[in-house]
Amino acid sequence: MSYLLYSLVLAVGLLLSLPYWLYQILRHGKYRTGFAARIGRVPTHVATASSPQRRVIWVHAVSVGEVLAVSGLVEQMQRGLPQHRVLVSTTTDTGQALARKRFGEGNVFYFPMDFAFAIRPYLRVLQPELVVLAETEFWPNLLRLAHASGARVAVVNARISDRSWPRYRRFRWALRRMLAHVDLFLAQTPEDCTRLQSIGADERRLQVTGNLKFDISLPATPPIVESLRRSLAAERAGPVLVCGSTVDDEEPPLLKAFENLRVAHPRAVIILAPRRPERFDQVAILIGQLGIPFVRRSLWTGQSLAGGVLLVDSIGELAAIYALADVAFVGGSLVARGGHNIIEPAQHGVAIVTGNHTENFRDIVTLFQSRNAVRIVGLAELPLTLMQLLADDAERLALGRRALETIRSQMGATSRTLDALKPLIASDSSPRGVPAQAAHSD
């Protein structure tokens with residue numbers, strides 16, 4: 001791969017897409033925050049991170065899902081490696097907000113764009129001993145420059161989705177050279193391991209450690225969730241359907257299904273949480289046009305929700321809100337978006353329904369299917385499935401119980417991942433690219 005050519009293509013792409021980015025900045029306020037950090041200006045709190053006494057581990061997690069996945073790993077590093085300072089970078093604003101809440105503002109910064117001029121200042125200032133990338137963040141310049149700086153590089157919770165795999169295979173000739181800069185790949189499943197090898201990863205640097213997302217701890221219950229629980233109980237509202245991470249074209253059929261549900265359950269409640277903050281207003285307009293009573297979570301002060309919609313226009317509360325559900329629907333799955341993570345409702349022992357577009361979470365959904373711990377439906381089956389589950393208490397509760405049991409059976413990836421990473425940190429004598437216990441000559 002010509003890194004100069006890659007950088008040129010990246011620059012041209014950014015230039016051509018400039019109108020889109022300007023629209024997002026001006027219309028939705030996205031990407032405005034942290035712009036200086038993204039182009040290589042190292043924030044003051046980051047610049048003071050490195051010292052001879054405390055070396056740096058740089059963990060990159062793109063957005064909310066990745067931040068949640070690496071949370072346990074970061075926390076274990078902070079406790080178990082006191083001689084290191086663990087810094088976390090994110091790409092999205094929502095990921096940044098959650099990371100700051102979880103790890104402290106002084107330990108979090110925006111990920112620089114993948115240009116040499118933006119990355120070099122961070123490597124020069126931080127001098128990281130280890131760079132950890134979550135899932136499939138293969139940034140060519142970052143990998144090349146981190147390797148050249150003397151840092152070890154690891155990819156944790158690594159996965160290759162069904163959608164990405166054909167594209168990666170087409171560019172195997174370029175990926176092979178780039179992936180040679182990675183010292184260790186810790187894959188979610190044996191199939192991910194095989195796919196990584198097929199696109200150029202060295203078999204000797206591959207391990208299966210499991211999916212970190214099964215180890216995500218339940219968040220502390222926000223006061224708003226307790227208030228909602230008390231209010232719903234006091235007014236005898238329910239059953240409660242929580243629809244999380246919904247995307248374009250999903251809210252209309254979900255709201256239609258809710259209208260059908262109200263025929264048998266007049267005091268039913270739907271809690272609707274769109275995936276993207278910039279869609280909150282759009283979804284509010286849709287609910288109003290359908291004539292369904294609703295209140296935005298940001299404006300809820302205890303008013304009745306029976307027979308209506310609570311529109312969740314907040315960030316970081318959905319995982320706890322799932323606990324209120326009798327049935328949880330996980331979005332991005334009724335349309336071809338690849339689905340979203342079903343683990344959060346499963347942690348509460350809630351019966352889960354998802355659409356049939358779940359390619360992004362293929363292994364998790366397949367596991368739950370094998371244990372009869374999820375219902376997968378198309379648009380046509382959605383209303384009837386919801387009605388059946390809410391009419392059959394025994395089956396609904398058993399479905400939720402099997403989901404929780406499935407989660408518990410898969411835990412432990414965080415400890416396995418940390419154990420695999422420690423040789424990259426502890427030994428300065430083994431050759432680059434191989435953990436200390438498996439050193440060899442390339």
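The values are calculated or read from the model by the stated rules, or taken from the named source; none is laboratory data. Predicted, not measured: the structure shown is a model, and the values here were computed from it. Please note: Cβ atoms are built from the backbone with ideal geometry, for glycine as well, and neighbour counts cover all protein chains shown. Note: areas computed on protein heavy atoms with side chains; ligands, DNA, RNA excluded. Shrake-Rupley method; radii C 1.70, N 1.55, O 1.52, S 1.80 Å.
Okay, residues lined up against (1) among the small types (Gly, Ala, Ser); (2) under 22 Å from Phe361 (Cα atoms):
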{"residue": "Thr33", "(1), (2)": "no, no"}
{"residue": "Ser51", "(1), (2)": "yes, no"}
{"residue": "Arg55", "(1), (2)": "no, no"}
{"residue": "Ser63", "(1), (2)": "yes, yes"}
{"residue": "Leu68", "(1), (2)": "no, yes"}
{"residue": "Gly80", "(1), (2)": "yes, no"}
{"residue": "Gln96", "(1), (2)": "no, no"}
{"residue": "Lys101", "(1), (2)": "no, no"}
Taking the stretch 291-336 and keeping only residues that are surrounded by 21 or more Cβ atoms within 10 Å (Cβ to Cβ) and in a loop (DSSP other than H, G, I, E, B), one is left with Leu305, Val312, Ala325, Asp326, Gly331, Gly332, Ser333, Leu334
Residue list for the stretch 206-218, restricted to those being outside any loop (DSSP other than H, G, I, E, B) and open to solvent by less than 20 Å² (accessible area, probe 1.4 Å)
Leu212, Lys213, Phe214
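When the stretch 373-382 is examined, which residues are found to be outside any strand (DSSP E or B) and open to solvent by less than 40 Å² (accessible area, probe 1.4 Å)?
Listed by number, the residues that qualify are Ala373, Val374, Gly378, Leu382.
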Considering only the stretch 395-412, state which residues are closer than 10 Å to Gln347 by Cα, open to solvent by 20 Å² or more (accessible area, probe 1.4 Å) and either touching a residue at least 24 places away in the same chain (Cβ under 8 Å) or of a type in the set (Gly, Ala, Ser) (or both).
Arg401, Leu404, Glu405
In the stretch 219-230, which residue that is among the aliphatic types (A, V, I, L, M) and in a helix (DSSP H, G or I) is surrounded by the most Cβ atoms within 10 Å (Cβ to Cβ)?
Leu228
Output the residues belonging to the stretch 231-264 that are open to solvent by 20 Å² or more (accessible area, probe 1.4 Å), touching a residue at least 24 places away in the same chain (Cβ under 8 Å), under 18 Å from Gly291 (Cβ atoms) and not acidic (Asp, Glu).
Pro252, Pro253, Lys256, Asn260, Arg262
In this structure, is Ala268 open to solvent by less than 40 Å² (accessible area, probe 1.4 Å) and touching a Pro at 6+ places or on another chain (Cβ under 7 Å)?
yes
Residues that are hydrophobic (A, V, I, L, M, F, W, C) and under 27 Å from the mean Cα position of the chain (by Cα), drawn from the stretch 300-323
Val309, Leu310, Leu311, Val312, Ile315, Leu318, Ala319, Ala320, Ile321, Ala323
Log entry, pairs with first residue in the stretch 300-319 being over 14 Å from Val242 (Cβ atoms), second being in a loop (DSSP other than H, G, I, E, B) and of a type in the set (D, E, K, R), beta carbons closer than 9 Å, six or more apart or on different chains, reads Ser304/Glu235; Ala306/Glu235; Ala306/Arg236; Ala306/Arg267; Gly307/Arg267
Is at least one residue of the stretch 314-331 modelled with pLDDT under 95 and more than 20 Å from Leu218 (Cα to Cα)?
no
Let me confirm something: among Ser415, Ser370, which residue is surrounded by fewer than 12 Cβ atoms within 10 Å (Cβ to Cβ) and modelled with pLDDT of 95 or more?
Ser370
Matching residues in the stretch 54-87 - criterion: being closer than 21 Å to Thr136 by Cα and open to solvent by 10 Å² or more (accessible area, probe 1.4 Å)
Val62, Ser63, Val64, Gly65, Glu66, Leu68, Gly72
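When you check Gly355 against the structure, is it closer than 30 Å to Ala99 by Cα, crowded, with 17+ Cβ neighbours inside 10 Å and under 19 Å from the mean Cα position of the chain (by Cα), yes or no? Spell out how you get there, then give the answer.
On the way: closer than 30 Å to Ala99 by Cα: yes; crowded, with 17+ Cβ neighbours inside 10 Å: yes; under 19 Å from the mean Cα position of the chain (by Cα): yes.
In short, yes.
Restricting to the stretch 337-352, give me the number of residues that are in a helix (DSSP H, G or I) and open to solvent by less than 10 Å² (accessible area, probe 1.4 Å). Reasoning before the result, please.
Here is the first cut: in the stretch 337-352, the ones in a helix (DSSP H, G or I) are 343-347.
Of the ones still in play, those that are also open to solvent by less than 10 Å² (accessible area, probe 1.4 Å) are 343, 345-346.
Going through the stretch 337-352 one residue at a time, the tally reaches 3.
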